[in-house]
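Asker: A single structure is presented below for examination.
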Amino acid sequence: MERGHRPYFLLGTSSMVRRFGGARARKKEALAMKVGRFGVVAAAAILFAGEAAAQQCGGNFDRWLANFQQEALSKGVSRATLDAAAPFMEFDQEVVRRDRGQKVFSQTFLEFSGRMVEGYRLGQGAQRLKQNAALFQRIEQQFGVPGPVIVAFWGLETDFGGFMGKMPTLRSVTTLAFDCRRPELFREQLLASLKIIQRGDQSPESMIGPFAGELGQLQFLPTHYFEYAVDFDGDGRRDLIRSSADALASAAHYMQKLGWRRGEPWLQEVRVPQNLPWDQADLEIQHPRSQWVAWGVRAASGSLPSDNLPASLVLPMGRHGPAFLAYPNFKVYLEWNQSLVYATTAAYFGTRLAGAPRVSGDAKAIPSLGYNELRELQQILSRRGYNVGKIDGILGAQTRVAVKDVQKKLGLAADSYPDAELLERLRGGR
Ligand SMILES: [Ca+2]
């Protein structure tokens with residue numbers, strides 16, 4: 001299973017998902033059809049197994065639910081909690097439809113950060129920081145994570161608590177646990193949702209969120225909610241939906257557990273010389289800052305001390321685009337969301353709120369491949385034996401690794417960022 005705060009979004013913030021909107025009509029007849037055609041077969045299979053072997057997904061919904069409820073009881077969920085949750089534990093075809101239709105789309109770092117950070121969110125974020133200065137001071141004292149870092153996630157995930165989704169979480173996670181796309185992941189989420197209710201943090205009615213089951217102002221998965229949520233306003237409940245203090249402190253607590261290092265930077269924009277050994281620009285490669293300085297890397301603003309703090313050079317748009325040193329704290333961003341564009345944007349947003357100037361670079365001036373070209377590139381790389389994952393037109397980690405390798409073989413600057421020249425040469429089979 002993939003890791004991460006949101007393992008099922010490559011490049012998805014809930015705000016994108018949120019904009020899909022649409023009717024939430026429930027279409028039970030679709031389920032009835034499915035059960036009608038496959039239910040008997042599934043039941044027979046269970047009988048053949050000679051026991052109540054777990055029907056882990058699909059088949060007859062009522063049978064599946066009864067099986068899940070047994071498991072929940074055996075794992076410490078009370079009958080009373082199950083009874084309270086029962087009216088919401090239904091199948092919702094709309095959830096499946098949205099889950100299948102989830103648009104994962106490709107944007108460059110400058111496009112995405114320009115849209116998600118500059119302007120409205122930056123102004124709002126600065127204001128929120130100021131309004132809650134005492135709260136953020138207390139949070140940093142306890143967990144070591146500075147306010148700007150948390151506010152950036154708050155803004156990206158839910159517009160500072162403004163858009164948290166409108167669907168009953170129990171129904172969403174029940175549906176996705178029953179559906180056979182990622183049943184194990186959502187079976188866990190459903191179990192955690194019930195435990196959150198049992199603990200008194202939420203009620204089945206108050207648990208509202210987007211179709212994929214994330215919860216609250218920082219869009220925690222239910223498992224993360226159950227494990228990392230803290231009560232920071234002191235009312236005795238961990239309420240990540242209605243209490244900003246709880247939600248923000250819980251995010252800091254989660255990041256602390258992911259390994260956030262108190263007092264250290266997370267990301268810093270730099271200028272790089274054009275004769276840099278480009279293959280060293282790789283999240284898997286770290287050098288002390290002194291080595292980067294020796295190679296001619298300079299701070300874009302402020303200073304870049306020549307010391308031993310380890311750093312990776314990140315070029316989200318290749319060697320002609322913006323450049324950042326990513327410090328050990330940056331790995332926490334990648335745990336939150338594996339997408340390099342999302343992680344870099346969230347970290348960059350944090351630096352802006354902490355006073356860094358706007359990133360340099362013009363998206364239109366940097367040669368980038370479009371969606372169709374990226375797909376074509378992935379197809380060519382795949383034919384050449386590279387594992388690029390899904391042919392999806394998205395420049396993900398696997399595609400970057402393949403691009404870097406093929407750049408090296410062709411004697412091109414190995415910055416892991418594909419451009420028209422690379423595609424041209426690969427088309428020609430050279
Ligand atoms: Ca509370």
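Asker: Of the numbered conditions (1) touching a Lys or Arg at 6+ places or on another chain (Cβ under 7 Å); (2) without any contact (Cβ under 8 Å) to a residue 12 or more places away in the chain, Phe160 satisfies every one except a single condition; which is it?
Answerer: Unmet for Phe160, out of (1) touching a Lys or Arg at 6+ places or on another chain (Cβ under 7 Å); (2) without any contact (Cβ under 8 Å) to a residue 12 or more places away in the chain: (2).
Asker: Can you tell me which residues in the stretch 242-260 are farther than 25 Å from Arg358 by Cα and part of a loop (DSSP other than H, G, I, E, B)?
Answerer: Once the filter is applied, which keeps residues that are farther than 25 Å from Arg358 by Cα and part of a loop (DSSP other than H, G, I, E, B), the stretch 242-260 yields Arg242, Ser243, Leu258, Gly259.
Asker: Separate question: Which of (1) more than 25 Å from the chain's Cα centre (by Cα); (2) outside any loop (DSSP other than H, G, I, E, B); (3) more than 30 Å from Ser301 (Cα to Cα) does Gln398 not meet, given it meets every other one?
Answerer: Answer for Gln398: the failing condition is (1).
Asker: Ile285 is checked against (1) surrounded by 16 or more Cβ atoms within 10 Å (Cβ to Cβ); (2) away from the ligand (no atom under 11 Å from the Cβ); (3) aliphatic (A, V, I, L, M) and fails just one. What number does that condition carry?
Answerer: Condition not satisfied by Ile285: (1).
Asker: Which of the residues spanning the stretch 259-282 are under 21 Å from Gln407 (Cβ atoms) and surrounded by 15 or more Cβ atoms within 10 Å (Cβ to Cβ)?
Answerer: Val272, Leu276, Trp278, Asp279, Gln280, Ala281, Asp282
Asker: Residue by residue through the stretch 412-427, note down the ones that are acidic (Asp, Glu) and part of a helix (DSSP H, G or I). Give the derivation first.
Answerer: Kept after step one, since they are acidic (Asp, Glu), are these residues of the stretch 412-427: 415, 419, 421, 424.
Answer for the stretch 412-427, where residues must be acidic (Asp, Glu) and part of a helix (DSSP H, G or I): Glu421, Glu424.
Asker: Same structure again: Residues Gly296, Gly302: which one is touching a Pro at 6+ places or on another chain (Cβ under 6 Å) and more than 17 Å from Ala343 (Cα to Cα)? Show your work before the answer.
Answerer: On the way: Gly302 fails: touching a Pro at 6+ places or on another chain (Cβ under 6 Å).
Result: Gly296 is the single residue among Gly296, Gly302 that is touching a Pro at 6+ places or on another chain (Cβ under 6 Å) and more than 17 Å from Ala343 (Cα to Cα).
Asker: Being touching a Leu at 6+ places or on another chain (Cβ under 9 Å) and of a type in the set (S, T, N, Q) is the filter; apply it to the stretch 163-212 and report the residue that is nearest to Glu90 (Cα to Cα).
Answerer: Thr174
Asker: Condition check: more than 30 Å from Asp392 (Cβ to Cβ), surrounded by fewer than 19 Cβ atoms within 10 Å (Cβ to Cβ) and at pLDDT 95 or above. Does Ala45 satisfy that? Quick ask: steps written out before the conclusion?
Answerer: Values: more than 30 Å from Asp392 (Cβ to Cβ): yes; surrounded by fewer than 19 Cβ atoms within 10 Å (Cβ to Cβ): yes; at pLDDT 95 or above: no.
No: the conditions fail for Ala45.
Asker: OK, next. Please state which one of Ala326, Ala363, Ala356 is farther than 25 Å from Leu426 by Cα, hydrophobic (A, V, I, L, M, F, W, C) and either over 23 Å from the mean Cα position of the chain (by Cα) or assigned by TED's automatic domain parsing to the domain that holds Pro418 (or both).
Answerer: Being farther than 25 Å from Leu426 by Cα, hydrophobic (A, V, I, L, M, F, W, C) and either over 23 Å from the mean Cα position of the chain (by Cα) or assigned by TED's automatic domain parsing to the domain that holds Pro418 (or both) holds for just one of Ala326, Ala363, Ala356, which is Ala356.
Asker: Let me confirm something: among Ser203, Ser250, which residue is more than 11 Å from the ligand (Cβ to nearest atom) and of a type in the set (Ser, Thr, Tyr)? Walk me through how you get there before you give the answer.
Answerer: Working: Ser250 fails: more than 11 Å from the ligand (Cβ to nearest atom).
Of the residues listed, the single one that is more than 11 Å from the ligand (Cβ to nearest atom) and of a type in the set (Ser, Thr, Tyr) is Ser203.
Asker: Where in the stretch 76-137 are there helices (runs of 4 or more DSSP H), lying fully within it, with 3 or more residues that are modelled with pLDDT under 95? Working first, answer last.
Answerer: On the way: elements: 79-85, 93-100, 109-116, 120-131.
Output list reads 93-100, 109-116.
Asker: Can you tell which of Ser312, Ser368, Ser360 is in a loop (DSSP other than H, G, I, E, B) and crowded, with 19+ Cβ neighbours inside 10 Å?
Answerer: Ser368
Asker: Any residue that is touching a residue at least 60 places away in the same chain (Cβ under 8 Å) and over 30 Å from Ala420 (Cα atoms) - is there at least one of those in the stretch 311-327? Before the answer, list the steps.
Answerer: Residues of the stretch 311-327 touching a residue at least 60 places away in the same chain (Cβ under 8 Å): 315-319, 321-322, 326-327.
Next cut, over 30 Å from Ala420 (Cα atoms) only: 327.
Yes, there is a match, as at least one residue in the stretch 311-327 is touching a residue at least 60 places away in the same chain (Cβ under 8 Å) and over 30 Å from Ala420 (Cα atoms).
Asker: Looking at (1) without any contact (Cβ under 8 Å) to a residue 60 or more places away in the chain; (2) touching a Gly at 6+ places or on another chain (Cβ under 9 Å), find the lone condition where Ser368 falls short.
Answerer: So Ser368 meets the others, but not (1).
Asker: Another question, then. Please work out if Phe349 is out of contact with any Lys or Arg (no Cβ under 9 Å at 6 or more places or on another chain) and among the aromatic types (Phe, Trp, Tyr). Explain how you work it out, then say what you get.
Answerer: Working: out of contact with any Lys or Arg (no Cβ under 9 Å at 6 or more places or on another chain): no; among the aromatic types (Phe, Trp, Tyr): yes.
For Phe349, the condition - out of contact with any Lys or Arg (no Cβ under 9 Å at 6 or more places or on another chain) and among the aromatic types (Phe, Trp, Tyr) - is not met.
Asker: Since Lys195 meets every condition but one in (1) more than 16 Å from the ligand (Cβ to nearest atom); (2) of a type in the set (Lys, Arg); (3) within 26 Å of Leu135 (Cβ to Cβ), which condition does it not meet?
Answerer: With respect to (1) more than 16 Å from the ligand (Cβ to nearest atom); (2) of a type in the set (Lys, Arg); (3) within 26 Å of Leu135 (Cβ to Cβ), Lys195 is out only on (3).
Asker: Follow-up question, since we're still on this one. When residues of the stretch 207-241 are filtered for being part of a loop (DSSP other than H, G, I, E, B), away from the ligand (no atom under 14 Å from the Cβ) and of a type outside the set (A, V, I, L, M, F, W, C), how many remain?
Answerer: Number of matching residues: 4.
The values are calculated or read from the model by the stated rules, or taken from the named source; none is laboratory data. Keep in mind it's a predicted model, so treat the numbers as computed, not measured. Ideal geometry is used to build each Cβ from the backbone, glycine not excepted, and the neighbour counts take in all protein chains shown.
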